[in-house]
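**Student:** Here it is: the structure, laid out below.
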Amino acid sequence: MCLFRFARIYPHRHASPRGESPPADGSGGAPSVVRLLLIRHGATDWTAQGRFQGQTDVPLNAAGRRQVAALAQRLRAEPLQALYASDLQRAWETAQAIAAPQGMGVQAEPRLREIGFGAWEGYTYAELQQRHPAALAAWEHDPLHSAPPGGETLLQITARVQAAYTAILTAHAEHTVGLVAHGGPLQLLLCLALGVSPRAYWQFALAPASLSELCVYTHGAILTHLNDTHHMHDLGCRKF
């Protein structure tokens, strides 16, 4: 289990790292904050096999459904005002499991779909190294501008994730909002919120059915949880 929790150090959920209140929004009152729960979908057969899933509509497997059930149980008491999900079934099924105990609906957000890997979807990294070494090397060297055949560049997916992120923040001031998506979009959302280059997205490890949390203010965001999987401690499921 990999777990990063600033909340243990700064027990007030909305405190800044220096123990000060975050910047006010200019109105003289308390700062506006959106609490985002970032949830990766549960495992699939392709997750277990290390295959590029992309936008292929792969369903959860039995292990993934167990992971999602454990996550839904953990989130039962969360005061969610809204829940958004990628419309790919592995994310949608995860979101439905979370929504059901709370009696709430799920809003489809196609801009949270996984990175489109085009012709590479269904292959493992080792298979791509053997079959398409030059294209793979070009993509790894410059993912911002290079894309798999029929897939997306990092700039393209960053633009759609940014659009979804901005729309959700605008619609939900002072709310707790769940976002159920895929590794790539959630990693890029973390980069956007924390002001780091999209090139660093792969440095955020997010396990299937993991929970991360951001408190987003007008002038920045605080990461309070990263890749929290302790709800799966007793499942014996593969975490990565």
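The values are calculated or read from the model by the stated rules, or taken from the named source; none is laboratory data. Computed from a predicted structure; not experimentally measured. Using ideal geometry, Cβ is built from the backbone for each residue, glycine included, and neighbour counts are taken over all protein chains shown.
**Student:** For segment 214-240, what are the residues that are within 25 Å of residue 166 (Cβ to Cβ), hydroxyl-bearing (Ser, Thr, Tyr) and either surrounded by 19 or more Cβ atoms within 10 Å (Cβ to Cβ) or modelled with pLDDT of 95 or more (or both)?
**Tutor:** Of everything in segment 214-240, those that are within 25 Å of residue 166 (Cβ to Cβ), hydroxyl-bearing (Ser, Thr, Tyr) and either surrounded by 19 or more Cβ atoms within 10 Å (Cβ to Cβ) or modelled with pLDDT of 95 or more (or both) turn out to be 217, 224.
**Student:** Follow-up question, since we're still on this one. Go through segment 177-213 and give me each residue that's in a strand (DSSP E or B), out of contact with any Phe, Trp or Tyr (no Cβ under 6 Å at 6 or more places or on another chain) and surrounded by 23 or more Cβ atoms within 10 Å (Cβ to Cβ).
**Tutor:** 178, 180, 181, 211, 212 - these are the residues of segment 177-213 that are in a strand (DSSP E or B), out of contact with any Phe, Trp or Tyr (no Cβ under 6 Å at 6 or more places or on another chain) and surrounded by 23 or more Cβ atoms within 10 Å (Cβ to Cβ).
**Student:** Look through 191, 215 and report the one residue that is more than 19 Å from residue 92 (Cα to Cα) and without any contact (Cβ under 8 Å) to a residue 40 or more places away in the chain.
**Tutor:** Matching residue, one of 191, 215: 191.
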